[in-house]
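Working notes, beginning with the structure itself.
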Amino acid sequence: MKFTLSWLKEHLETEASLDAIVEALTRIGLEVEGVENPGEKLAAFKVAKVLSAAPHPQADKLQILSVDAGDGPLQVVCGAPNARAGLVGVFGAPGAYVPGSDMTLKVAEIRGVVSNGMMCSTRELELGEDHDGIIELPADAPIGTPYPDYAGLNDPVIDVAITPNRQDCMGVRGIARDLAAAGLGTLTPLAEVYRMTVLAPVAGSDPAPDVRTEDPAGCPAFFAQAVSGVTNGVSPAWMSQKLTAIGQKPISVLVDITNFVSVDLGRPLHVYDRAKLTGGLVARRAKDGEQVLALNGKTYSLDATMTVIADDVAVHDIGGIMGGEHSGVSETTTDVLIECAYFDPDHIARTGQKLGLTSDARTRFERGVDPAFLDHGLAIATHLVLEHCGGTPSAITRAGTPPVVARSIAYDPARAETLGGLAIAPERQKAILERLGFTVDSGWTVTVPSWRRDVDGSADLVEEVIRIEGIDKVPTVPLERAPGVAKPTATPEQKLERRLRRGAAARGLNEAVTWSFLSEAEAAPFGGGAWSLANPISEDLKVMRPSLLPGLLAAAARNLKRGAQSVRLFEIGRRYLADAERPTLGVVLAGEGRARGWQQGKAAPFDAFDAKAEALALLAAAGAPVENLQVMGEAGEAWHPGQSGTLRLGPKTVLATFGMVHPLTVRAYDLDGPVAAVELYLDAMPGKRSTGFMRPAYAPPALQAVRRDFAFLVPAELAADALVRAVKGADKAAITAVRLFDVFTGAGVDEGQKSLALEVTLQPGEKSFTDEELKAVADKVVAAAAKLGAVLRG
Amino acid sequence: MTDLDHMRDNLLAAIDASGGLDALDTVRVGALGKQGSVTGLLKTLGSMSPEERQAQGPQIHALREAVTAAIANKKIALDRADLDARLARETLDMTLPADGVQMGSIHPVSQVMDELAEIFADLGFAVATGPEIEDDWHNFTALNIPESHPARAMHDTFYFPEGAEGERKMLLRTHTSPVQIRTMLNQKPPIRIIAPGRTYRSDSDATHTPMFHQVEGLVIDKGITLGHLKWTLETFLKAFFERDDVVLRLRPSYFPFTEPSAEVDVGYTMEKGKRVIGGSDGWMEVLGSGMVHPKVIAACGLDPDEWQGFAFGCGIDRLAMLKYGMDDLRPFFDGDIRWLKHYGFSALDVPTLSGGVGA
């Protein structure tokens, strides 16, 4: 919301400086986003008169002017076709900065003739687009006056961000009212602002216009007054200057009046050319598919939820949002109908959202205009039309009833302190509220002014008094602190995440944060996405991720393209499945697992066992019983079918998936070479059983363990883990560990077989093993292995 | 010089002259072996008269001890020389590179979330979480943002397609505030929580990404006022930036779910062309806050006449940028390892109150 300082002062009688006003605005909740004085940058330009004009001896298109800018004649070379003796324009002396050309003027020689400055066009001064000639001012413009002073440009433009609750401040008057309440001046009576003797409906004897509302929900009230015999010319300077200053283009006085009142009072209006209407006007619901060409030149297709203003033939207004092109006023308009209606905020918001159409009117109506201001709004509009366009007013039609509801709040002034934290004397609170337009009776029943739709409870009144009194005055009060040292607050899930995050980083992985959404194609190999956005920013960010790997694969690909040799990324975040959001850790290892080196030789890519090592290390960090996990298959179609697996606690609970990513998945990311990956499912991790801090007693075995090696020939397809488990189970009392240390195929091993070598650790109890005992255990080991088709190698 | 002296000198000289263990052993066998010269002398002791033995015994034994000791010393010296020679052969170029250790890193967003948890734990706040795929009621309605409220349009919400009749409209949460609602519904006051997490808005430019991180704070208790809110935010920001000159400015504002509402600016000073938090050369907006709206408290089944409190919300990415100096939000979500290593944190940089939360 923009306005100028002089505009504000029409409503606010104040001695306050610009700085004080700006500071106060922000302090009371009307955040100033910018202040700009358009005259400041043009201060060096002056009103000047061309005394004489003679042809340039060296150039046909140039003239040599003698210019008086208040300090006597100066020679100026000028190329403007309209430059001539007697013209009064705007002169820039050497040293003046020309904003439109981004240059600073200096004394220059142009085709052999000295030029002491420049006569300027509107474009050069950034006052308009015109560059066909130099500015022409009225002949009586005072020579030598700084141009900004003459043109009224020294009027700072203040830009204020209005929060959605403050419709009343979508008009300059509301802002003035707030400032007056904050002690910055006195609010000028509205009639005085508009130079009206009394603020009352303008009486007229022509027949009242035929308007009605058939949609009391969308348009509860439709007030209208007609004026016949108007002349629609150019707006008065004060109005067009104000509109121009805030960036609105003056169009014609009738249109400008509606725009001006909208900004001045937050009261949108609409003016119809009666000659273009057939029959009366009615506020009704649109018919499905009904169309209207709006004033922005676009055609909108309407539906039956939308309120429109229509005559017997067509729709002329998307009610409260934008008028129609057909019945808009033009310079030939003579008879007008002024609409001052109340549109329901919810309806406006829904219609505006559906049509994707914003306008100054919508912004105001959807926040809720003052329902008690229809008569005044219409009176001011008619007054302005009569004053600037002439004509004869009609009687007024008041169709429907504006929803004026008297709202009162039982308020306890102590709430300022008990909620707002600031003790304010009740009399002071009463004064603040009254200056804002509230009435306060002796029993502290506070009546809300009709323009403050946002205020409906005690807390709102506390806000009003605190913001006006000064939120900076609220003293800080420490929160009560529980005695003693702060208690731990993290949940087991949070602690798990933290351990995994720091564990992964400690293992040399870099944590990334990638988008929660991805493309359908990226989601497909991971089972597809259960959640697809209806309004994605792009097709690439459409589906909620079913896995963390796509985001990491894409990041890995970007890194490799940037020249990274080895990428080790991880992320902790959610997968979005149909039933729940599941906390997950993803790891992607791409590029070189080992760089080439003088010790190890050639570089090596990451392999599936790098992934397995990460998976197990992270599972250990998560406190999962790594020793008891089973490696199983079914990693999924995104994975290499022969080099991937799942780690499970029991046959059903999958704690992690690991291995090589399927080459087809890898290729989809434009990645070269093998990629290893891990996904850990945090919500599947077994919880830590709470047993307090005490550890079991320390009891190391009295005797040293014995190690024995066994080599077995087994069928090639036998999973090594099966043999290890079988051997481990051969004598649960004696065998404490089994470790596979060699796998061999080739010379001495038949086709279809492989040799697996195991180191078995035997732990004696109270006495050392005898040779017989050791032999018995070895026999059990061989027998257990035999059940899997394993034969002890000789 | 007696014969014994002569013999000793010869033997010691031979020992000294031994160039290696083999030569030394030859000398040893020659002197102390079964047929050795010293052994031979010892053997003569048995046939001597007691007087002779009295006179010769100590000398012969002394000779044997001297030779034995000399051999032992020589052996140590030769061993050492051997070892030195081997070590000399084993010399490596110690300037050769060792295998590089991969340095992992923690993302700044995670680090800042841990910092927040640490600071707020000291103030008695637990960390709460909630779903990112939310329903319309928790994200808007319960927060006093009814349908068609302009604030809804302001939020640039990502929606999911509407399902069958009667289902609640699902969306991506536009703020962490629905966690307030879920907490109040599931937990009896007094409540003190922060709720960090991912949030989403359909917005994308240099300072906005469609996904970002927010932290919500909520206190519900008896007798909580705007003064407590001010203190909490001031205490938090001072602890977070680890500066005592952090200055706050509250500006009255509007959020549908708080009343009164305030936006909070924090003062900064310019240092080397960058804005540094502290002092008050200028102001930067860092959070939104206010007293929880009575309608929100009532929507959660609590009596607003009995319970009141405050809430605040703050961008975590922005906090990270202000503290650690990143000036572009987009690389946060790019996974560029160069950026991650530059702005990331060591696994060992665990924020603690005793060590300072910053790293």
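The values are calculated or read from the model by the stated rules, or taken from the named source; none is laboratory data. Just so we're clear, the structure is a prediction, and the values are computed from it rather than from any experiment. Positions of Cβ are backbone-derived with ideal geometry, glycine not excepted, and every protein chain shown enters the neighbour counts.
Taken as a whole, segment B:319-330 holds no residue that is within 14 Å of another protein chain (Cβ to nearest Cβ) and within 26 Å of residue B:221 (Cα to Cα).
Per the listing A:262, A:235, A:240, the residue uniquely closer than 16 Å to residue A:360 by Cβ, outside any strand (DSSP E or B) and not aliphatic (A, V, I, L, M) is A:262.
Only a single item in (1) closer than 28 Å to residue A:557 by Cβ; (2) of a type in the set (A, V, I, L, M, F, W, C); (3) at the interface with chain A (Cβ under 9 Å from one of its Cβ atoms); (4) free of Cβ contacts under 8 Å to residues at least 40 places away in the same chain is not met by residue B:345, and it is number (4). For segment A:580-590, the set of residues classified as surrounded by fewer than 24 Cβ atoms within 10 Å (Cβ to Cβ) and facing chain B (nearest Cβ under 10 Å) consists of A:580, A:581, A:583, listed by residue number. A Cβ distance below 9 Å, combined with a sequence gap of six or more or placement on separate chains, defines the contacts here; from segment A:419-441, residues that are under 22 Å from residue A:186 (Cβ atoms) reach residues that are of a type in the set (Lys, Arg) and assigned to a loop (DSSP other than H, G, I, E, B) in the pairs A:436/A:452; A:437/A:452; A:438/A:452. Listed by position, the helices (runs of 4 or more DSSP H) contained in segment A:367-482 that have at least 3 residues being more than 13 Å from chain B (Cβ to nearest Cβ) and under 30 Å from residue A:332 (Cα atoms) are A:374-389. Would you mention how many residues in segment A:519-561 are assigned to a helix (DSSP H, G or I) and under 26 Å from residue B:339 (Cα atoms)? So the answer is 16.
Answer with yes or no whether residue A:55 is outside any strand (DSSP E or B) and without any contact (Cβ under 8 Å) to a residue 24 or more places away in the chain.
no
Of all the numbered requirements in (1) within 14 Å of another protein chain (Cβ to nearest Cβ); (2) without any contact (Cβ under 8 Å) to a residue 40 or more places away in the chain, residue A:610 misses one, and that requirement is (2).
Hey, can you tell me all the residues within segment B:103-144 that are part of a loop (DSSP other than H, G, I, E, B), over 15 Å from residue B:345 (Cβ atoms), hydrophobic (A, V, I, L, M, F, W, C) and facing another protein chain (nearest Cβ under 10 Å)? Listed by number, the residues that qualify are B:123, B:125, B:128. A single member of A:751, A:772, A:759, A:766 is in a loop (DSSP other than H, G, I, E, B) and over 21 Å from residue A:715 (Cβ atoms), and it is A:766. Checked against (1) within 13 Å of chain A (Cβ to nearest Cβ); (2) touching a residue at least 60 places away in the same chain (Cβ under 8 Å), residue B:337 passes all but condition (2).
Of the numbered criteria (1) touching a strand residue (DSSP E or B) at 6+ places or on another chain (Cβ under 6 Å); (2) surrounded by fewer than 17 Cβ atoms within 10 Å (Cβ to Cβ); (3) hydroxyl-bearing (Ser, Thr, Tyr), the one residue A:476 fails is (1). Just the residues that are out of contact with any strand residue (DSSP E or B) (no Cβ under 8 Å at 6 or more places or on another chain) and either facing chain B (nearest Cβ under 8 Å) or part of a strand (DSSP E or B) (or both), please, taken from segment A:562-579. A:562 - this is the single residue of segment A:562-579 that is out of contact with any strand residue (DSSP E or B) (no Cβ under 8 Å at 6 or more places or on another chain) and either facing chain B (nearest Cβ under 8 Å) or part of a strand (DSSP E or B) (or both). Scanning segment A:339-393 for residues that are crowded, with 23+ Cβ neighbours inside 10 Å and of a type in the set (S, T, N, Q) yields a count of 2.
Find the residue count for segment A:483-498, including only residues that are assigned to a loop (DSSP other than H, G, I, E, B) and within 8 Å of chain B (Cβ to nearest Cβ). Of the residues in segment A:483-498, 6 are assigned to a loop (DSSP other than H, G, I, E, B) and within 8 Å of chain B (Cβ to nearest Cβ). Would you check if there is a residue in segment A:536-543 being within 11 Å of chain B (Cβ to nearest Cβ), buried (at least 21 other Cβ atoms within 10 Å of the Cβ) and under 29 Å from residue A:689 (Cα atoms)? Within segment A:536-543, not a single residue is within 11 Å of chain B (Cβ to nearest Cβ), buried (at least 21 other Cβ atoms within 10 Å of the Cβ) and under 29 Å from residue A:689 (Cα atoms).
If you check residue B:203 against the conditions, is it surrounded by fewer than 24 Cβ atoms within 10 Å (Cβ to Cβ) and in contact with a Pro (Cβ under 9 Å, 6 or more places away or on another chain)? Give the steps one after another, and end with the answer.
Numbers: surrounded by fewer than 24 Cβ atoms within 10 Å (Cβ to Cβ): yes; in contact with a Pro (Cβ under 9 Å, 6 or more places away or on another chain): yes.
In short, yes.
Residues are listed down the side, and each one gets a yes or a no for (1) in contact (Cβ under 8 Å) with a residue 60 or more places away in the chain; (2) touching a strand residue (DSSP E or B) at 6+ places or on another chain (Cβ under 8 Å); (3) over 25 Å from residue A:355 (Cβ atoms):
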site	(1), (2), (3)
A:238	no, no, yes
A:257	yes, yes, yes
A:264	yes, no, yes
A:273	yes, yes, no
A:285	yes, yes, no
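Being without any contact (Cβ under 8 Å) to a residue 60 or more places away in the chain and either surrounded by fewer than 21 Cβ atoms within 10 Å (Cβ to Cβ) or of a type in the set (Val, Ile, Thr) (or both) is a property that does not hold for residue A:686. The set of residues from segment B:217-228 being under 31 Å from the mean Cα position of the chain (by Cα) and at the interface with chain A (Cβ under 8 Å from one of its Cβ atoms) comprises just one member, B:219. Considering segment B:232-253, and only residues there that are in a helix (DSSP H, G or I) and crowded, with 19+ Cβ neighbours inside 10 Å, the residue that is nearest to the other protein chains (Cβ to nearest Cβ) turns out to be B:232.
Listed here are the residues, each with its yes/no results for (1) part of a strand (DSSP E or B); (2) within 21 Å of residue A:628 (Cα to Cα).
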| site | (1), (2) |
| --- | --- |
| A:708 | yes, no |
| A:722 | no, yes |
| A:738 | yes, yes |
| A:781 | no, yes |
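Please determine whether any residue of segment A:507-518 is farther than 20 Å from residue B:344 by Cα and either more than 7 Å from chain B (Cβ to nearest Cβ) or in contact with a Leu (Cβ under 6 Å, 6 or more places away or on another chain) (or both). Yes - at least one qualifying residue is present in segment A:507-518. The single residue among B:49, B:37 that is loosely packed, with under 10 Cβ neighbours inside 10 Å and either touching a strand residue (DSSP E or B) at 6+ places or on another chain (Cβ under 7 Å) or modelled with pLDDT under 90 (or both) turns out to be B:49.
Could you tell me whether segment A:406-422 includes any residue that is out of contact with any helix residue (DSSP H, G or I) (no Cβ under 8 Å at 6 or more places or on another chain) and closer than 30 Å to residue A:214 by Cβ? Yes, that holds for at least one residue.
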